[in-house]
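The values are calculated or read from the model by the stated rules, or taken from the named source; none is laboratory data. In this text, all values refer to a predicted model and were calculated from it rather than measured experimentally. Heads up, the Cβs are rebuilt from the backbone with ideal geometry, glycines too, and the neighbour counts pull from every protein chain shown. What goes into the accessible areas is simple: the full protein's heavy atoms, side chains included, and nothing from ligands, DNA or RNA. Shrake-Rupley method; radii C 1.70, N 1.55, O 1.52, S 1.80 Å.
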Amino acid sequence: MSEAESSQTFPEIRESVRKLCAEFPGTYWQKLDREREYPKEFVQALTDAGFLSVLIPEEYGGSGLGVAAAAAVLEEIHRSGCNGGACHAQMYTMGVILRHGSEAQKRKYLPGIASGELRLQAFGVTEPTSGTDTTRLRTFAKRDGDHYVVNGQKIWISRAEHSDLMVLLCRTTPREEAKKPSDGMSVLIVDMREAVGNGLTIRPIRTMLNHATTELFLDNVRVPAENLIGKEGNGFKYVLDGMNAERILIAAECIGDGRFFIDRASAYAKDREVFGRPIGSNQAVQFPIARAHVQITAANMMVQHAANLFDAALPCGSEANMAKMVASEASWYAADMCVQTHGGFGFAEEFDIERKFRETRLYQVAPISTNLILSHVATHVLGLPKSF
Ligand SMILES: Cc1cc2nc3c(=O)[nH]c(=O)nc-3n(C[C@H](O)[C@H](O)[C@H](O)COP(=O)(O)OP(=O)(O)OC[C@H]3O[C@@H](n4cnc5c(N)ncnc54)[C@H](O)[C@@H]3O)c2cc1C
(Lines give C-alpha, C1' and ligand atoms only; values in the text may rest on other atoms or scores of the structure.)
Protein backbone atom coordinates (compact mmCIF):
# COMPACT_ATOMS: atom_id res chain seq x y z
CA MET A 1 0.00 0.00 0.00
CA SER A 2 1.37 3.44 -0.94
CA GLU A 3 1.96 6.23 1.56
CA ALA A 4 -1.01 8.16 0.16
CA GLU A 5 -3.26 5.14 0.65
CA SER A 6 -2.10 4.32 4.17
CA SER A 7 -3.13 7.84 5.23
CA GLN A 8 -6.65 7.33 3.89
CA THR A 9 -9.61 8.12 6.12
CA PHE A 10 -11.54 5.40 8.00
CA PRO A 11 -9.09 2.52 7.39
CA GLU A 12 -11.14 -0.05 9.38
CA ILE A 13 -14.33 0.76 7.51
CA ARG A 14 -12.49 0.54 4.20
CA GLU A 15 -10.98 -2.80 5.11
CA SER A 16 -14.35 -4.35 6.01
CA VAL A 17 -15.99 -2.97 2.87
CA ARG A 18 -13.20 -4.50 0.78
CA LYS A 19 -13.71 -7.88 2.47
CA LEU A 20 -17.44 -7.79 1.80
CA CYS A 21 -16.94 -6.76 -1.82
CA ALA A 22 -14.50 -9.63 -2.40
CA GLU A 23 -17.55 -11.93 -2.07
CA PHE A 24 -19.06 -10.23 -5.15
CA PRO A 25 -16.56 -10.68 -7.97
CA GLY A 26 -16.78 -9.53 -11.58
CA THR A 27 -18.70 -12.63 -12.67
CA TYR A 28 -21.54 -11.67 -10.27
CA TRP A 29 -21.84 -8.18 -11.81
CA GLN A 30 -21.42 -9.42 -15.39
CA LYS A 31 -24.43 -11.74 -15.04
CA LEU A 32 -26.60 -9.01 -13.53
CA ASP A 33 -25.50 -6.56 -16.19
CA ARG A 34 -26.41 -8.95 -19.00
CA GLU A 35 -29.84 -9.60 -17.54
CA ARG A 36 -30.39 -6.09 -16.14
CA GLU A 37 -31.11 -7.56 -12.72
CA TYR A 38 -30.96 -5.90 -9.33
CA PRO A 39 -28.00 -6.94 -7.09
CA LYS A 40 -30.22 -7.98 -4.18
CA GLU A 41 -27.66 -10.25 -2.48
CA PHE A 42 -25.05 -7.46 -2.55
CA VAL A 43 -27.53 -4.91 -1.18
CA GLN A 44 -28.58 -7.35 1.55
CA ALA A 45 -24.97 -7.96 2.54
CA LEU A 46 -24.30 -4.20 2.79
CA THR A 47 -27.49 -3.76 4.81
CA ASP A 48 -26.63 -6.61 7.20
CA ALA A 49 -23.14 -5.19 7.73
CA GLY A 50 -24.68 -1.80 8.63
CA PHE A 51 -22.97 0.12 5.83
CA LEU A 52 -26.19 1.66 4.51
CA SER A 53 -27.15 3.19 7.86
CA VAL A 54 -23.93 5.05 8.63
CA LEU A 55 -25.61 8.46 8.32
CA ILE A 56 -28.52 7.67 10.65
CA PRO A 57 -27.95 8.82 14.26
CA GLU A 58 -27.46 6.08 16.86
CA GLU A 59 -30.70 6.97 18.66
CA TYR A 60 -32.60 5.87 15.52
CA GLY A 61 -30.56 2.70 15.01
CA GLY A 62 -27.74 3.85 12.73
CA SER A 63 -24.05 4.41 13.40
CA GLY A 64 -24.24 8.21 13.56
CA LEU A 65 -21.28 8.85 11.29
CA GLY A 66 -20.96 11.62 8.73
CA VAL A 67 -20.78 12.00 4.97
CA ALA A 68 -16.97 11.57 5.06
CA ALA A 69 -17.45 8.02 6.44
CA ALA A 70 -20.23 7.26 3.94
CA ALA A 71 -17.91 8.50 1.18
CA ALA A 72 -15.23 6.01 2.32
CA VAL A 73 -17.78 3.16 2.08
CA LEU A 74 -18.89 4.09 -1.43
CA GLU A 75 -15.37 4.77 -2.68
CA GLU A 76 -14.24 1.29 -1.59
CA ILE A 77 -17.30 -0.36 -3.12
CA HIS A 78 -16.45 1.23 -6.44
CA ARG A 79 -12.73 0.61 -6.20
CA SER A 80 -13.50 -3.07 -5.66
CA GLY A 81 -15.30 -3.25 -9.03
CA CYS A 82 -18.75 -3.34 -7.41
CA ASN A 83 -21.42 -0.66 -7.86
CA GLY A 84 -23.18 1.28 -5.09
CA GLY A 85 -25.76 2.72 -7.50
CA ALA A 86 -28.29 0.06 -6.53
CA CYS A 87 -28.47 1.26 -2.95
CA HIS A 88 -26.49 4.45 -2.30
CA ALA A 89 -29.74 6.39 -1.98
CA GLN A 90 -30.72 4.25 1.03
CA MET A 91 -27.88 6.07 2.79
CA TYR A 92 -28.79 9.68 2.10
CA THR A 93 -32.43 10.02 0.94
CA MET A 94 -33.56 9.77 4.56
CA GLY A 95 -31.64 13.04 5.24
CA VAL A 96 -34.72 15.09 4.39
CA ILE A 97 -36.66 13.32 7.17
CA LEU A 98 -33.73 13.55 9.58
CA ARG A 99 -33.19 17.27 9.03
CA HIS A 100 -36.71 18.52 8.30
CA GLY A 101 -39.17 15.85 9.45
CA SER A 102 -41.14 15.92 12.71
CA GLU A 103 -40.05 13.81 15.67
CA ALA A 104 -43.01 11.49 14.98
CA GLN A 105 -41.86 11.02 11.35
CA LYS A 106 -38.28 10.32 12.47
CA ARG A 107 -39.49 7.68 14.98
CA LYS A 108 -41.81 6.18 12.37
CA TYR A 109 -39.31 5.81 9.55
CA LEU A 110 -35.67 6.05 10.60
CA PRO A 111 -35.30 2.84 12.69
CA GLY A 112 -36.81 0.77 9.85
CA ILE A 113 -34.55 2.45 7.29
CA ALA A 114 -31.52 1.83 9.54
CA SER A 115 -32.32 -1.90 9.86
CA GLY A 116 -33.11 -2.19 6.15
CA GLU A 117 -36.66 -3.32 6.89
CA LEU A 118 -37.87 -0.16 5.14
CA ARG A 119 -36.25 0.76 1.86
CA LEU A 120 -36.22 4.49 1.17
CA GLN A 121 -34.14 4.74 -1.93
CA ALA A 122 -36.35 6.47 -4.47
CA PHE A 123 -36.06 10.22 -4.89
CA GLY A 124 -38.56 11.68 -7.35
CA VAL A 125 -37.53 15.05 -8.77
CA THR A 126 -36.84 14.92 -12.53
CA GLU A 127 -39.73 15.27 -14.97
CA PRO A 128 -39.83 14.71 -18.73
CA THR A 129 -40.93 18.25 -19.65
CA SER A 130 -38.94 20.36 -17.17
CA GLY A 131 -35.62 18.46 -17.03
CA THR A 132 -33.01 20.33 -15.05
CA ASP A 133 -35.30 23.34 -14.64
CA THR A 134 -36.72 21.98 -11.37
CA THR A 135 -38.89 24.99 -10.55
CA ARG A 136 -40.98 24.16 -13.62
CA LEU A 137 -41.87 20.68 -12.46
CA ARG A 138 -45.57 20.02 -12.89
CA THR A 139 -46.45 17.10 -10.64
CA PHE A 140 -49.11 18.62 -8.39
CA ALA A 141 -50.36 17.62 -4.95
CA LYS A 142 -53.80 19.06 -4.19
CA ARG A 143 -55.03 19.01 -0.61
CA ASP A 144 -58.26 17.05 -0.13
CA GLY A 145 -59.21 16.76 3.56
CA ASP A 146 -56.54 14.77 5.36
CA HIS A 147 -54.89 13.68 2.11
CA TYR A 148 -53.03 15.08 -0.85
CA VAL A 149 -54.12 13.90 -4.30
CA VAL A 150 -51.08 13.73 -6.55
CA ASN A 151 -51.06 13.86 -10.35
CA GLY A 152 -48.10 14.05 -12.70
CA GLN A 153 -45.19 12.24 -14.24
CA LYS A 154 -41.57 11.67 -13.25
CA ILE A 155 -38.68 10.27 -15.24
CA TRP A 156 -35.36 8.60 -14.40
CA ILE A 157 -36.54 7.70 -10.92
CA SER A 158 -34.04 5.05 -9.94
CA ARG A 159 -34.74 2.03 -7.72
CA ALA A 160 -38.50 2.80 -7.58
CA GLU A 161 -39.26 -0.90 -8.00
CA HIS A 162 -36.91 -1.73 -5.13
CA SER A 163 -38.15 0.85 -2.66
CA ASP A 164 -40.92 0.86 -0.06
CA LEU A 165 -40.95 4.64 0.20
CA MET A 166 -40.23 7.53 -2.12
CA VAL A 167 -39.34 11.14 -1.32
CA LEU A 168 -41.38 13.08 -3.87
CA LEU A 169 -40.87 16.72 -4.80
CA CYS A 170 -44.06 18.21 -6.22
CA ARG A 171 -45.88 21.52 -6.53
CA THR A 172 -48.53 22.48 -4.02
CA THR A 173 -48.85 26.03 -5.39
CA PRO A 174 -48.63 26.77 -9.12
CA ARG A 175 -45.34 28.44 -10.08
CA GLU A 176 -47.07 31.58 -11.31
CA GLU A 177 -48.88 32.02 -7.96
CA ALA A 178 -45.76 31.49 -5.81
CA LYS A 179 -43.71 34.46 -4.50
CA LYS A 180 -40.53 33.01 -6.03
CA PRO A 181 -40.20 30.19 -8.59
CA SER A 182 -38.55 27.98 -5.95
CA ASP A 183 -41.46 28.51 -3.50
CA GLY A 184 -44.62 26.45 -3.60
CA MET A 185 -42.98 23.03 -3.88
CA SER A 186 -43.41 20.43 -1.16
CA VAL A 187 -41.88 17.12 -0.12
CA LEU A 188 -44.15 14.11 0.43
CA ILE A 189 -43.24 10.63 1.59
CA VAL A 190 -45.05 8.28 -0.76
CA ASP A 191 -45.59 4.73 0.43
CA MET A 192 -44.94 2.81 -2.78
CA ARG A 193 -46.47 -0.36 -1.33
CA GLU A 194 -49.83 1.42 -1.12
CA ALA A 195 -49.49 3.64 -4.18
CA VAL A 196 -48.56 1.04 -6.80
CA GLY A 197 -51.84 -0.15 -8.30
CA ASN A 198 -53.68 2.78 -6.67
CA GLY A 199 -52.75 5.44 -9.20
CA LEU A 200 -48.97 4.93 -9.35
CA THR A 201 -47.55 3.07 -12.34
CA ILE A 202 -43.83 2.30 -12.64
CA ARG A 203 -42.32 1.73 -16.08
CA PRO A 204 -38.70 0.52 -16.17
CA ILE A 205 -36.35 2.20 -18.66
CA ARG A 206 -33.58 0.09 -20.16
CA THR A 207 -30.37 2.12 -20.27
CA MET A 208 -26.71 1.60 -21.22
CA LEU A 209 -26.01 0.54 -17.64
CA ASN A 210 -27.77 -1.67 -15.11
CA HIS A 211 -29.31 1.05 -12.95
CA ALA A 212 -32.96 0.05 -12.28
CA THR A 213 -34.22 3.44 -13.40
CA THR A 214 -37.88 4.07 -14.21
CA GLU A 215 -40.61 6.39 -15.36
CA LEU A 216 -43.49 7.09 -12.95
CA PHE A 217 -47.08 7.98 -13.77
CA LEU A 218 -49.11 9.41 -10.90
CA ASP A 219 -52.85 9.43 -11.45
CA ASN A 220 -54.83 10.60 -8.40
CA VAL A 221 -52.42 8.99 -5.94
CA ARG A 222 -53.70 9.65 -2.41
CA VAL A 223 -50.98 10.48 0.12
CA PRO A 224 -51.88 11.11 3.79
CA ALA A 225 -51.29 14.77 4.72
CA GLU A 226 -49.22 13.56 7.70
CA ASN A 227 -46.61 12.43 5.12
CA LEU A 228 -45.77 16.06 4.30
CA ILE A 229 -42.24 16.91 5.40
CA GLY A 230 -41.90 20.27 7.14
CA LYS A 231 -43.99 23.18 5.92
CA GLU A 232 -46.04 23.10 2.73
CA GLY A 233 -44.31 25.17 0.02
CA ASN A 234 -40.79 24.93 1.47
CA GLY A 235 -39.86 21.62 -0.15
CA PHE A 236 -37.23 22.92 -2.53
CA LYS A 237 -35.13 24.25 0.36
CA TYR A 238 -35.48 20.92 2.16
CA VAL A 239 -34.13 18.84 -0.71
CA LEU A 240 -31.14 21.10 -1.37
CA ASP A 241 -28.92 19.93 1.50
CA GLY A 242 -29.78 16.31 0.64
CA MET A 243 -28.66 17.06 -2.90
CA ASN A 244 -25.31 18.30 -1.57
CA ALA A 245 -24.82 15.02 0.33
CA GLU A 246 -25.77 13.10 -2.82
CA ARG A 247 -23.27 15.00 -4.96
CA ILE A 248 -20.43 14.42 -2.49
CA LEU A 249 -21.21 10.71 -2.23
CA ILE A 250 -21.51 10.25 -6.00
CA ALA A 251 -18.17 12.06 -6.29
CA ALA A 252 -16.71 9.50 -3.85
CA GLU A 253 -18.01 6.73 -6.13
CA CYS A 254 -16.19 8.40 -9.02
CA ILE A 255 -12.99 8.43 -6.96
CA GLY A 256 -13.47 4.70 -6.35
CA ASP A 257 -14.10 4.08 -10.06
CA GLY A 258 -11.00 6.09 -10.94
CA ARG A 259 -8.87 4.07 -8.54
CA PHE A 260 -10.32 0.84 -9.95
CA PHE A 261 -9.25 1.88 -13.47
CA ILE A 262 -5.80 2.98 -12.30
CA ASP A 263 -5.26 -0.29 -10.34
CA ARG A 264 -6.32 -2.39 -13.31
CA ALA A 265 -4.34 -0.39 -15.88
CA SER A 266 -1.15 -0.40 -13.76
CA ALA A 267 -1.37 -4.17 -13.21
CA TYR A 268 -2.02 -4.87 -16.87
CA ALA A 269 0.73 -2.51 -18.10
CA LYS A 270 3.27 -4.31 -15.89
CA ASP A 271 2.15 -7.73 -17.03
CA ARG A 272 1.34 -7.46 -20.73
CA GLU A 273 4.38 -7.94 -22.97
CA VAL A 274 4.44 -6.71 -26.56
CA PHE A 275 7.62 -6.20 -28.61
CA GLY A 276 9.43 -8.26 -25.98
CA ARG A 277 8.82 -5.97 -22.97
CA PRO A 278 5.97 -4.84 -20.71
CA ILE A 279 3.79 -2.22 -22.39
CA GLY A 280 4.12 -0.18 -19.16
CA SER A 281 7.78 0.46 -19.88
CA ASN A 282 6.67 2.80 -22.68
CA GLN A 283 6.09 6.32 -21.43
CA ALA A 284 3.20 6.69 -23.87
CA VAL A 285 1.45 3.99 -21.82
CA GLN A 286 2.75 5.12 -18.39
CA PHE A 287 1.90 8.79 -18.64
CA PRO A 288 -1.86 8.47 -19.10
CA ILE A 289 -1.94 6.15 -16.05
CA ALA A 290 0.12 8.62 -14.04
CA ARG A 291 -2.08 11.50 -15.24
CA ALA A 292 -5.19 9.63 -14.14
CA HIS A 293 -3.62 9.15 -10.70
CA VAL A 294 -2.80 12.86 -10.44
CA GLN A 295 -6.34 13.85 -11.43
CA ILE A 296 -8.02 11.38 -9.07
CA THR A 297 -5.76 12.41 -6.17
CA ALA A 298 -6.60 16.09 -6.71
CA ALA A 299 -10.33 15.40 -7.12
CA ASN A 300 -10.30 13.29 -3.96
CA MET A 301 -9.00 16.27 -1.97
CA MET A 302 -11.96 18.31 -3.18
CA VAL A 303 -14.35 15.50 -2.24
CA GLN A 304 -12.86 15.23 1.26
CA HIS A 305 -13.04 19.00 1.66
CA ALA A 306 -16.72 19.12 0.65
CA ALA A 307 -17.53 16.15 2.94
CA ASN A 308 -15.81 17.84 5.89
CA LEU A 309 -17.75 21.06 5.30
CA PHE A 310 -21.01 19.11 5.12
CA ASP A 311 -20.22 17.23 8.33
CA ALA A 312 -19.39 20.50 10.09
CA ALA A 313 -22.83 21.83 8.97
CA LEU A 314 -21.10 24.62 7.01
CA PRO A 315 -22.32 25.87 3.61
CA CYS A 316 -20.98 23.47 0.97
CA GLY A 317 -23.21 23.82 -2.12
CA SER A 318 -20.47 25.10 -4.42
CA GLU A 319 -17.87 22.68 -3.02
CA ALA A 320 -20.21 19.68 -3.38
CA ASN A 321 -20.93 20.61 -6.99
CA MET A 322 -17.28 21.26 -7.83
CA ALA A 323 -16.24 17.97 -6.18
CA LYS A 324 -18.81 16.07 -8.24
CA MET A 325 -17.63 17.76 -11.43
CA VAL A 326 -13.89 17.17 -11.03
CA ALA A 327 -14.37 13.62 -9.72
CA SER A 328 -16.69 12.62 -12.58
CA GLU A 329 -14.28 14.06 -15.15
CA ALA A 330 -11.27 12.39 -13.52
CA SER A 331 -13.03 9.01 -13.40
CA TRP A 332 -14.06 9.33 -17.05
CA TYR A 333 -10.48 10.14 -18.09
CA ALA A 334 -9.29 7.11 -16.08
CA ALA A 335 -11.96 4.91 -17.72
CA ASP A 336 -10.88 5.91 -21.21
CA MET A 337 -7.21 5.46 -20.27
CA CYS A 338 -7.93 1.98 -18.88
CA VAL A 339 -9.68 0.83 -22.07
CA GLN A 340 -6.77 2.13 -24.14
CA THR A 341 -4.18 0.45 -21.90
CA HIS A 342 -5.97 -2.89 -22.30
CA GLY A 343 -6.18 -2.67 -26.09
CA GLY A 344 -8.74 -5.21 -27.34
CA PHE A 345 -9.20 -6.73 -23.89
CA GLY A 346 -10.66 -3.41 -22.69
CA PHE A 347 -13.76 -4.36 -24.67
CA ALA A 348 -14.10 -7.89 -23.27
CA GLU A 349 -16.95 -8.36 -20.81
CA GLU A 350 -14.88 -10.64 -18.55
CA PHE A 351 -12.39 -7.85 -17.77
CA ASP A 352 -15.15 -5.64 -16.22
CA ILE A 353 -13.60 -2.53 -17.71
CA GLU A 354 -16.22 -1.93 -20.40
CA ARG A 355 -18.94 -2.28 -17.72
CA LYS A 356 -17.27 0.17 -15.35
CA PHE A 357 -16.63 2.50 -18.33
CA ARG A 358 -20.38 2.62 -19.03
CA GLU A 359 -21.22 2.99 -15.35
CA THR A 360 -18.89 5.89 -14.60
CA ARG A 361 -20.08 7.88 -17.64
CA LEU A 362 -23.41 8.48 -15.92
CA TYR A 363 -21.95 10.80 -13.35
CA GLN A 364 -21.29 13.67 -15.74
CA VAL A 365 -25.05 13.78 -16.34
CA ALA A 366 -26.68 12.63 -13.08
CA PRO A 367 -27.50 13.71 -10.45
CA ILE A 368 -26.66 17.03 -12.11
CA SER A 369 -24.99 17.67 -15.44
CA THR A 370 -21.63 19.41 -15.79
CA ASN A 371 -23.06 22.46 -17.57
CA LEU A 372 -25.40 23.19 -14.70
CA ILE A 373 -22.47 23.03 -12.26
CA LEU A 374 -20.47 25.42 -14.44
CA SER A 375 -23.46 27.73 -14.61
CA HIS A 376 -23.74 27.68 -10.80
CA VAL A 377 -20.04 28.47 -10.39
CA ALA A 378 -20.14 31.21 -13.04
CA THR A 379 -23.12 33.04 -11.59
CA HIS A 380 -23.11 32.21 -7.87
CA VAL A 381 -19.37 32.02 -7.17
CA LEU A 382 -17.92 34.38 -9.77
CA GLY A 383 -20.84 36.80 -10.08
CA LEU A 384 -21.13 36.58 -13.86
CA PRO A 385 -24.48 37.56 -15.44
CA LYS A 386 -27.22 34.94 -15.21
CA SER A 387 -27.94 33.07 -18.44
CA PHE A 388 -31.34 31.71 -17.29
C1 LIG B 1 -29.54 6.56 -15.05
C2 LIG B 1 -30.14 7.79 -14.47
C3 LIG B 1 -30.61 7.79 -13.16
C4 LIG B 1 -31.22 8.92 -12.62
N5 LIG B 1 -31.79 8.86 -11.37
C6 LIG B 1 -32.58 9.89 -10.94
C7 LIG B 1 -33.37 9.77 -9.74
O8 LIG B 1 -33.30 8.75 -9.03
N9 LIG B 1 -34.18 10.80 -9.40
C10 LIG B 1 -34.30 11.93 -10.14
O11 LIG B 1 -35.07 12.82 -9.78
N12 LIG B 1 -33.58 12.08 -11.30
C13 LIG B 1 -32.74 11.09 -11.71
N14 LIG B 1 -32.02 11.21 -12.88
C15 LIG B 1 -32.18 12.42 -13.68
C16 LIG B 1 -30.92 13.27 -13.76
O17 LIG B 1 -30.73 13.96 -12.56
C18 LIG B 1 -31.07 14.18 -14.97
O19 LIG B 1 -31.02 13.35 -16.13
C20 LIG B 1 -29.99 15.22 -15.04
O21 LIG B 1 -30.12 16.13 -13.97
C22 LIG B 1 -30.05 16.00 -16.35
O23 LIG B 1 -31.37 16.43 -16.57
P24 LIG B 1 -32.12 16.11 -17.96
O25 LIG B 1 -31.87 14.70 -18.31
O26 LIG B 1 -33.54 16.53 -17.82
O27 LIG B 1 -31.36 17.00 -19.00
P28 LIG B 1 -31.82 18.40 -19.59
O29 LIG B 1 -32.18 19.33 -18.49
O30 LIG B 1 -32.83 18.16 -20.66
O31 LIG B 1 -30.47 18.88 -20.25
C32 LIG B 1 -29.91 18.23 -21.40
C33 LIG B 1 -28.49 18.76 -21.62
O34 LIG B 1 -28.54 20.17 -21.86
C35 LIG B 1 -27.72 20.85 -20.93
N36 LIG B 1 -28.38 22.11 -20.55
C37 LIG B 1 -29.68 22.29 -20.21
N38 LIG B 1 -29.93 23.58 -19.93
C39 LIG B 1 -28.75 24.23 -20.08
C40 LIG B 1 -28.32 25.60 -19.95
N41 LIG B 1 -29.19 26.56 -19.57
N42 LIG B 1 -27.05 25.90 -20.20
C43 LIG B 1 -26.15 24.96 -20.60
N44 LIG B 1 -26.49 23.65 -20.75
C45 LIG B 1 -27.77 23.30 -20.50
C46 LIG B 1 -27.56 19.94 -19.74
O47 LIG B 1 -26.35 20.19 -19.05
C48 LIG B 1 -27.59 18.56 -20.39
O49 LIG B 1 -26.28 18.20 -20.78
C50 LIG B 1 -31.33 10.10 -13.41
C51 LIG B 1 -30.83 10.12 -14.71
C52 LIG B 1 -30.25 8.99 -15.25
C53 LIG B 1 -29.77 9.02 -16.68
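Quick notes
- In the set (1) more than 16 Å from the ligand (Cβ to nearest atom); (2) open to solvent by less than 40 Å² (accessible area, probe 1.4 Å); (3) in a helix (DSSP H, G or I), the condition left unmet by Arg107 is number (2).
- Each residue in the stretch 12-26 was checked for being free of Cβ contacts under 8 Å to residues at least 60 places away in the same chain, assigned to a helix (DSSP H, G or I) and farther than 10 Å from Val73 by Cα, and 4 pass.
Yes or no, residue by residue, for (1) among the aliphatic types (A, V, I, L, M); (2) surrounded by fewer than 18 Cβ atoms within 10 Å (Cβ to Cβ); (3) free of Cβ contacts under 8 Å to residues at least 24 places away in the same chain; (4) in contact with a strand residue (DSSP E or B) (Cβ under 9 Å, 6 or more places away or on another chain):
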{"position": "Thr132", "(1), (2), (3), (4)": "no, yes, no, no"}
{"position": "Tyr148", "(1), (2), (3), (4)": "no, no, no, yes"}
{"position": "Pro181", "(1), (2), (3), (4)": "no, yes, no, no"}
{"position": "Val190", "(1), (2), (3), (4)": "yes, no, no, yes"}
{"position": "Arg193", "(1), (2), (3), (4)": "no, yes, no, yes"}
{"position": "Thr213", "(1), (2), (3), (4)": "no, no, no, yes"}
{"position": "Val221", "(1), (2), (3), (4)": "yes, no, no, yes"}
{"position": "Pro224", "(1), (2), (3), (4)": "no, yes, no, yes"}
{"position": "Gly235", "(1), (2), (3), (4)": "no, no, no, yes"}
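- A Cβ distance below 9 Å, combined with a sequence gap of six or more or placement on separate chains, defines the contacts here; from the stretch 158-177, residues that are at positive phi reach residues that are open to solvent by less than 20 Å² (accessible area, probe 1.4 Å) and hydrophobic (A, V, I, L, M, F, W, C) in the pairs Arg159/Ala86; Arg159/Cys87; Arg159/Ala89; Arg159/Ala122.
- Near pairs, Cβ below 6 angstrom, 6+ apart or cross-chain, from the stretch 368-379 (part of a helix (DSSP H, G or I)) to any residue that is near the ligand (Cβ under 8 Å from one of its atoms): Leu372/Thr132
- Checking Ala290, Ala299, Ala307 one by one, the residue that is touching a residue at least 60 places away in the same chain (Cβ under 8 Å) and either in a helix (DSSP H, G or I) or of a type in the set (Ser, Thr, Tyr) (or both) is Ala307 and no other.
- Condition met for Lys142 (free of Cβ contacts under 8 Å to residues at least 40 places away in the same chain, in a strand (DSSP E or B) and either charged (D, E, K, R) or in contact with a Cys (Cβ under 6 Å, 6 or more places away or on another chain) (or both)): yes
Residue-by-condition table, conditions (1) touching a helix residue (DSSP H, G or I) at 6+ places or on another chain (Cβ under 6 Å); (2) on the phi < 0 side of the Ramachandran plot:
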residue: Gly131; (1), (2): no, no
residue: Gly145; (1), (2): no, no
residue: Ile189; (1), (2): yes, yes
residue: Arg206; (1), (2): no, yes
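- Options Val96, Val67, Val73, Val150: the member that is touching a helix residue (DSSP H, G or I) at 6+ places or on another chain (Cβ under 8 Å), within 16 Å of the ligand (Cβ to nearest atom) and among the aliphatic types (A, V, I, L, M): Val96
- Residues of the stretch 47-63 satisfying the condition of being without any contact (Cβ under 8 Å) to a residue 60 or more places away in the chain and more than 23 Å from Glu103 (Cβ to Cβ): Ala49, Gly50, Phe51
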